[in-house]
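One structure is given below, encoded as C-alpha cells.
Nothing in this text is a laboratory measurement; each read-out follows from the coordinates by a stated rule. Computed from a predicted model, the values in this text were never measured in an experiment. Using ideal geometry, Cβ is built from the backbone for each residue, glycine included, and neighbour counts are taken over all protein chains shown.
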Amino acid sequence: MAKYIIMPKLGFNMDQGTVVQWLKEEGDAIEEREEVLEIETDKTIMPVEAPCSGILRKILVAEGEVVPVTLPIAIIGDKNEDISKMIDEAYQKLGKTEVVEKKESKVEIEVSPEIVKEQEIESKKEGFKKVSPRAQRKAKELGVELQSLKGSGSEGAVIEKDIITYYQNHQIKVSPVAQTIAQKAGIDIGTIKGTGINGKVTKRDIQEMLAKSEEVNKTERRTSYTGMRKIIGDRLSQSKFTAPHIYFTTSIDMSKVIGLLERFNQDSEEKISINDFLVFVVTKVLSEQPNINCSLVGEEIVYHKDINVGVAVALEEGLIVPVIKNANKKSLSILSKEIKKLIKLARERKLMPEDYQGGTFTLSNLGMYGIENFTAIINPPEAAILAVGAVKKLPTVIEKGGLEEIGIRSLMKVTLSVDHRLIDGAMAASFLNRLKYYLEFPERLIL
Amino acid sequence: MTKMKKITYSQAICEAIDEEMSRDKNVLILGEDVGLLGGNFKTAVGLYKKYGDLRVKDTPISENGFLGMSLGMAITGLRPIVEIMFSDFLLLAADQLLNQIAKIRYMSGGQAKVPLTVRTTIGAGRSSAAQHSQSLHAIMCHVPGLKVVVPSSAADAKGLLKTAIREDNPVLFIEHKMEYNQEYEIPEGEYTIPFGKANILREGKDITVIATSNLALKAVKAAEELAKEGIDVEVIDPRTLIPLDRETLIASIKKTGRVLLADEGYERCNISAEIVMDVMTDVFYYLDHPPERLCLPNVPLPFSPALEFPLIPDQEKLYKRIKKIFKG
C-alpha cells in the first residue's frame, strides 16, 4: 500500500513548513525511517523520515515551496502500484493544478518577460490555449506564468479566477489562520508584505495590519515585535551578547579606485559600483588571510574553504543579507552582476533560503546614506563584518618625493568588527592594512 | 421613505403628460387618437376633457405631416409631445425626424431650439405581425441630433418623460407596448429622472447584464433565480441610449469581467453592438469572457403566437444564456 509523506507538525506553533531540499529522487528505494527531505520551520531546518519502506514514487512539492502541516508532500509505494488517484487527491489538497517538477520554481522567476511572451505565443500556436484578456492582465500584474495553467472558463479558457488561485497557491504564501482572519476582517492579502519565510503572510502580519489601521488616530504607533523584526533582533542579540566584539577603524584613500571605476564604467553598460569593487577586494584579502574566514561551531573553530561574502540589503521590514557564494572564484564583472541580481531579488522578496545562507563574511555599506563611520554587529556564525562609510572629499596630508603637502583626496572610513574569541587585534589590523594596500593602489591587484 | 402608490405603466405616462401640461401652458399633445379616445394605449385618458381641443389634438393618419407640424410648433415657442403609435410608423416620418428635427438646431447655428418630445412604442408579443411589432430604436440612434430614451418601469417612464418634455432638444421617447397594462409601484408626487444616468437594478459580482426597456426588469427576475444557483448577476438599465452612461457600464464590466447585453431589436446592427464597441477600449483587459448578446433573431416577426414568442427575448432565455456562460 502506498503511503503519503506528510508535512509534519514539529511544534505547537508550527502551522506550515518549507521544503528546503529533497535528499532522495523519484524512483529511489527508501528504508523506513531513512531521511527523505529537509524542511524548514520558522525556527530551524529538520530532516523528515520515511514512514515506511518502499520506492519514492512521487515528489508533490518543489524545493522552496511552503506547505501547511499534515498535507501530503510525497508518495512512497511499491514499484508498480497505481498511485494516480493518490496524486490527484494530493494535488487537490495542495490546491495545485499541474505536475510540479523539482527545482522548477526558481527557474521560473528568472524567465524574462520577453521569453514569457514568446512561450505564450508558442503555446497558443500549438494548443490554441484560450486566455481571457482579464486573465492576461492579472497574470502580468502578478507575474504569473500562463503556460502551465488550466482554465475553468467557457471552452476551457483561462480566466482571472484561475490566475488568482494559482497565485495564491504559489506566490503569496499565507498561513491558513492568517487567511481566515484576513477574510473575516475583509483585508486583501495581496496588499500585505509577508514577514515569514519566503515572504509568507503570517497571522501576526494580519494582526499588525489590523492594529495599524486601528491606531492611525492615536498618537503612538505600536506593532508587535514579531516576524522578521524579531528574527533579526534575536540573532543580533545573540551575536552581540555571546561574541565579544572588538572594532578597528581605518581611513582609506579611494581616489584611485574611483578613477579606475570611472574608466571601467565609461563605455560599459554594466556599471561596477564601489561596493562591488569592495566585495572583490575583500574576497582577495580573505583568500590571503584565511584566519578571518572562520566560524565557531560547538567546540571547534572551522576555517572555511569557500569564501561566501554576504552583502547587507535594507528592506522596509528589516535587513537581509544575500550571499555571493565562492566569491574568490569569480571575476569582478561576474561579482557585480551577481550582487545586482541578488539585491533585486531581495527587494522583490524573492530570495530563496539558499540565497542568504552559508555566508562566511559580511559587508555592510551605509555610504550611500552619507554615514561617515559606524560599527556593525557580526552576523553569526561568521567571525567578522566590515562596516563601510561614505567616500568623502577631504583635505589630507600627502607625501610626494619626501615633501609633505595638503591635497584633496576621496577618503572612506571602514570599521572591521571581529569576534575576539577567534580573531585578535593584530590579525584584524593586518586584514585592514592589506585592504588599504589594494584599495589605495588597485594596480597591485594584478601583481 | 417616499410614499408609493400602485398604478399602471400607461397611467404613469398619462400622469407625466398631465403634470407637465398643467405646469407649462406651452406643452401640448398631438397624435392619432390621443384626443377623444384618450390614446390607443390609454396614455392620454382625460386630457382632452381637461385641456381642450387646442392642447390635445387628434391628427390624421399622416406621420410625416404631423411630425413636421410639431417641429414647426417647437421652433416657434411651443413644447409639443407627439405620439407615433408604433416605432414601425416612424419610418413614414423618417425625413421629418432624422433630417429635419434632428438637424435644425445645428443648421440654424443654434438660433432655433427644438423642445419636442416624440413618443413611440416598441415590442412584440401582441400578434401584431411583422409591421407592428418591431423595435426600431437602433435605427433612430444612428443619426446625430436626437436623445433616445428607453425606460423600463412605470416609475422610470414617468420621471424620464417629464425630463424629456422639459428638454430643449428633440427627444425620442420609446415606451414598451407590453408594459402599458402592468401595475407598478411608483413614488407619489412629482419627480424627474436625469438623462445619461444608468440605473443599477441589482448589484452582483459575476456578470453584468445591460438590458434595455422592459428586458431590464426581466433580467432582474432571471438574476434572482440565478442567485439561488450561486451566480451573482449585476443588472443595469441604461435608461437613455443617447446620452449613454458609459462610466457606470464600464465600472460594472471592470468589476465582473463578463457582459451580456439584452435588447428586443433585431440582432444585426442592434444597439448592443454600439454599446459594446463604445466601452470596449476601456474594458478589454478586464474581460474574462467575450461579450454576448440576446436580441431578436434576424427575421420578420410572425403573426402566430406559437412562432412569435419563441423569438422574443424573455426571462427564461436570459436565464439560460447566463447559465451557459458559466457552464465552463
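Remarks
- Within region A:232-270, GluC sites (Glu not before Pro) in DSSP loop having at most 13 other beta-carbon neighbours inside 10 Å: A:E269, A:E270
- Simple spin-label estimate for B:K103 and A:K85 gives 7.7 nm between the two label positions (7 Å along the Cα-to-Cβ direction from each Cα).
- Each of A:L416, A:V297, A:T396 was scored by the projection of its Cα onto the charge dipole of chain A, and the greatest displacement toward the positive side belongs to A:T396; charges sit on the C-beta of Lys, Arg, Asp and Glu.
- Directionally averaged shadow of the protein assembly as shown, computed from the convex hull of its alpha-carbon atoms, nm²: 50.5 nm²
- Cα coordinate range in region A:188-332, projected on the principal axes (Å, largest first): 54, 50, 28
- Restriction of the trypsin sites (Lys or Arg not before Pro) in region B:237-328 to DSSP coil positions whose beta-carbon has at most 15 other beta-carbons within 10 angstrom yields B:R268, B:K327.
- Applying a DSSP loop filter and a limit of 10 other Cβ atoms within 10 Å to the chymotrypsin sites (Phe, Trp or Tyr not before Pro) in region A:1-92 leaves A:F12.
- Ignoring the sites themselves, chain B has its longest run without chymotrypsin sites (Phe, Trp or Tyr not before Pro) in a DSSP loop having at most 15 other Cβ atoms within 10 Å at B:1-190.
- Cα-based helix-to-principal-axis angle, B:271-283 vs chain B, degrees rounded to 10: 60 degrees
- Column: log10 I(q)/I(0), Debye, Cα scatterers of region B:4-187, q = 0.11, 0.14, 0.17 Å⁻¹: -0.42, -0.70, -1.06
- Three-way shape call for region B:199-325 based on the alpha-carbon gyration tensor, with the a/c threshold at 1.5: oblate
- Highest GNM mean-square fluctuation among B:T59, B:T208, B:T117, for chain B modelled with Cα contacts below 10 Å: B:T59.
- Normalised by residue number, the volume inside the convex hull of the Cα atoms of region B:135-187 is 66 Å³ per residue.
- A Förster radius of 30 Å, combined with the Cβ-Cβ distance separating A:L236 from A:Y303, puts the computed FRET efficiency at roughly 0.80.
- Maximal additional length on extending the B:L307-B:E247 stretch stands at 17.7 nm, based on 0.36 nm per residue less the C-alpha distance.
- Extension gain, B:M280-B:K254: 0.36 nm per intervening residue step, less the Cα-Cα distance, totals 8.3 nm.
- C-alpha center-to-center spacing [region A:15-66, region A:367-398] in angstrom: 43 Å
- Here the Gaussian network model covers chain B, with springs between Cα atoms less than 10 Å apart; of B:G52, B:G39, B:G125, B:G52 fluctuates the most.
- Computed from the C-beta positions of A:Q289 and A:T249, the FRET efficiency with R₀ = 22 Å rounds to 0.75.
- Of B:Q11, B:Q134, B:Q111, the one that fluctuates the most in a GNM where chain B has Cα springs shorter than 10 Å: B:Q111
- Coordinate range of the alpha-carbon atoms in chain A per principal axis, descending: 85, 55, 53 Å.
- Across chain B, the longest run free of exposed loop sites, meaning GluC sites (Glu not before Pro) lying outside DSSP classes H, G, I, E and B with no more than 16 other Cβ atoms within 10 Å, spans B:1-187.
- Placing +1 on the Cβ of every Lys and Arg and -1 on the Cβ of every Asp and Glu, with no other charges, gives chain B a dipole of roughly 240 debye about its Cα centre.
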